[in-house]
Structure formats: C-alpha cells, structure tokens
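Each value in this text was obtained by applying a stated rule to the coordinates, not by laboratory testing. What you are looking at is a predicted structure, and each value in this text was computed from that prediction instead of being measured. Every residue, glycine as well, gets a Cβ built from its backbone with ideal geometry; the counts of neighbours run over all protein chains shown.
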Amino acid sequence: MATQQAQEDLSPTATRDLTMQRNWRHCSKCFGLWFNGHSTNGVCPAGGAHSGQGGSWDLILPADPTSLA
Ligand SMILES: [Zn+2]
C-alpha cells in the first residue's frame, strides 16, 4: 500500500528499540532535570547540589544506547 510505505519512510526511527532510564528528578532550585542515580546530586547552577525536595516525580526518559559511542 502506497500510504503505508510513505509513513514508514517518514519515521525511520519508529521501530528502533528504546531503552528507558528512570530516576530523573526535577530540581526545585534551578527547575532543571538531574539524574538521581549517582552518588551525588551534581552541581546546581542555583548553588550547591540539585534538590529533589518538594517531591519530584520519578521521571523516566527515553534513552538511545546506540547513540553512545
Ligand atoms: Zn538544580
């Protein structure tokens, strides 16, 4: 079918496997995202370390392991 073929051509990455990475948090100080899976919370541009205080959701982001060299 011509229509279906066109859709596949427009989305070549749609069938690629994605790995999901959880444990991302929203920082209540700089409003950025930071990864909560390391031993420290990283460096926050607002000062000190990123903060998950205030109750951030456990954000799960798509990760593409094939993009890592
Ligand atoms: Zn921060």
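Sort out which residues of segment 28-69 are over 18 Å from residue 18 (Cα atoms), away from the ligand (no atom under 11 Å from the Cβ) and of a type in the set (Val, Ile, Thr), and write them in order of number.
40, the sole residue that qualifies.
Across segment 25-69, which residue is surrounded by the most Cβ atoms within 10 Å (Cβ to Cβ) among those that are charged (D, E, K, R) and in a loop (DSSP other than H, G, I, E, B)?
The first filter runs over segment 25-69 and keeps only residues charged (D, E, K, R), leaving 25, 29, 58, 64.
From what is left, the residues that are in a loop (DSSP other than H, G, I, E, B) are 29, 58, 64.
Details: 29: 15, 58: 10, 64: 11.
If we take residues in segment 25-69 being charged (D, E, K, R) and in a loop (DSSP other than H, G, I, E, B), then 29 is surrounded by the most Cβ atoms within 10 Å (Cβ to Cβ).
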